[in-house]
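The values are calculated or read from the model by the stated rules, or taken from the named source; none is laboratory data. Bear in mind the structure is a predicted one, so any value in this text is a computation, not a measurement. For neighbour counting, all protein chains shown are included, and Cβ atoms are generated from backbone atoms with ideal geometry for every residue, glycine included. Just so you know, the surface numbers come from the protein's heavy atoms only, side chains and all, with ligands and any DNA or RNA stripped out. Shrake-Rupley method; radii C 1.70, N 1.55, O 1.52, S 1.80 Å.
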Amino acid sequence: MANKIIKYRNDLKERAQELRRNLTPAEKILWQSIRKKSLGVEFHRQVPILDYIADFYCHEIGLVLEIDGATHEKSFLEDSKRQERLEKEGLRFLRFKNDSIFNNLSQVISEIEKRLKNFQNNDTNISPKSPLQRGDFFFYKKKFQTSPNRITASL
């Protein structure tokens, strides 16, 4: 999976640059904790992928971090379709609510580190149907999964 090139719409490039200049408060806080390979891998901000722009993306292991504000509560189905489409490209997701970033940043970072270690240790065995790759919606203290045949877990 390492550094897989995924195409994107050219018109998203300018929008992504604008979003990089105007990160949300939660994105700014998380960015300060994950930039400059501080977690051992390199993340990029506001990355165009297919028809979407991911909040943070690590090319090395194909991990997308999404920070969901209040608007995402009303767009759950749209977000899950978007995530499913990107997962078909072999990408993995972690989603956090703004409140988790503001109130529990150390636990968010700890969860990211735990998942990074897991992804890096298991990279040779990753398949599109891996539970770490297919349908994980992680919110601090709560996990929703799009696949009904998997066990839902919570932290």
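A compact table of results
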read-out: Over 25 Å between alpha carbons, listed pairs 7/117; 36/88; 37/117; 37/114; 7/88; value: 7/117; 36/88
read-out: Which of 84, 66, 78 is most accessible, then next, and so on - probe 1.4 Å; value: 78, 84, 66
read-out: Additional length obtainable on full extension of the chain from residue 78 to residue 15, 0.36 nm per residue less Cα span; value: 20.7 nm
read-out: Candidate residues 100, 106, 38, 33: accessible-area rank, largest first, probe 1.4 Å; value: 106, 38, 33, 100
read-out: Spin-label model distance (nm) - residue 28 vs residue 99, 7 Å beyond Cα toward Cβ; value: 2.2
